[in-house]
1. Might you report the magnitude of the Cβ-based charge dipole of chain A about its Cα centre, with Lys and Arg at +1 and Asp and Glu at -1, to the nearest 20 debye?
2. Cysteines of chain A lacking any other cysteine beta carbon under 4.7 Å?
3. Using only alpha-carbon positions, what ratio does the radius of gyration of the stretch A:1-70 give when scaled by 2.2 N^0.38 Å?
4. With the crude spin-label approximation of a point 7 Å out along Cα→Cβ, what separation in nm comes out for A:C13 versus A:T57?
5. What relative contact order, as a whole-number percentage, does chain A give when Cα pairs under 8 Å and 6 or more residues apart are counted?
6. Once you place label points 7 Å from the Cα toward the Cβ at A:L74 and B:T97, how far apart are they in nm?
7. Take the alpha carbon gyration tensor of the protein assembly as shown, find the square roots of its eigenvalues, order them as a ≥ b ≥ c, and report rounded if a/c is under 1.5; if not, report prolate when a/b exceeds b/c, else oblate.
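None of the figures in this text is laboratory data; all of them are computed from the coordinates on show. Since this is a predicted model, take the numbers as computed values, not measurements. Here Cβ is always computed from backbone atoms with ideal geometry, including for glycine, and neighbour counts include all displayed protein chains.
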Amino acid sequence: GAVVSQHPSWVICKSGTSVKIECRSLDFQATTMFWYRQFPKQSLMLMATSNEGSKATYEQGVEKDKFLINHASLTLSTLTVTSAHPEDSSFYICSANGGSYNEQFFGPGTRLTVL
Amino acid sequence: GENVEQHPSTLSVQEGDSAVIKCTYSDSASNYFPWYKQELGKGPQLIIDIRSNVGEKKDQRIAVTLNKTAKHFSLHITETQPEDSAVYFCAPRGGATNKLIFGTGTLLAVQP
């Protein structure tokens, strides 16, 4: 149980285009999902907290107009990187709260490369 | 904000030896203490966690110990195997939020 999926697993796009990443909780409902970014050989950095039915809460320094988050249902959250640039190239990982003690379960990640 | 540090940053052991990774945090209100294993190109996988009302938890070859007074908790892996090679992260959860604060990570290499 407690499986989180992400789609796509990798994407390559041109500079200036937008990219949407989906995060799904497959066997449980998640009122809260989280989006992280991880650069090579670094730790995970929380970008935003996504709450079903309400606006996402962004961490300091993360541009909400650039990283659009939508959490329209209890099993799906999406992250859209708008007007992507090469510096946005990174590994994006989502997680969802679930389980008896509100553990966080992580998706497999999405590798974004902006040319 | 919360400060989370891990030591060592890299650890190389021989197969069959034990490995210990320590995580130090600053938020005294933290109440949940998980350890994650991340293999190359994959998302983190929860391997063991502990809550603030217990001092130790064990699951086969993996154990976690917690010292709330000193604000640190440790991951113990016994009888290490090559497939244990990965990056390990601690990620204590703050008392006031649902947020996990990830440590700096420890690269564990188990030599066959």
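1. My answer is approximately 240 debye.
2. A:C13
3. For the stretch A:1-70, the normalised Cα radius of gyration is 1.20.
4. 2.7 nm
5. 37 percent
6. Here the modelled spin labels are 2.6 nm apart.
7. Prolate shape, in that a/c is at least 1.5 and a/b is the bigger ratio.
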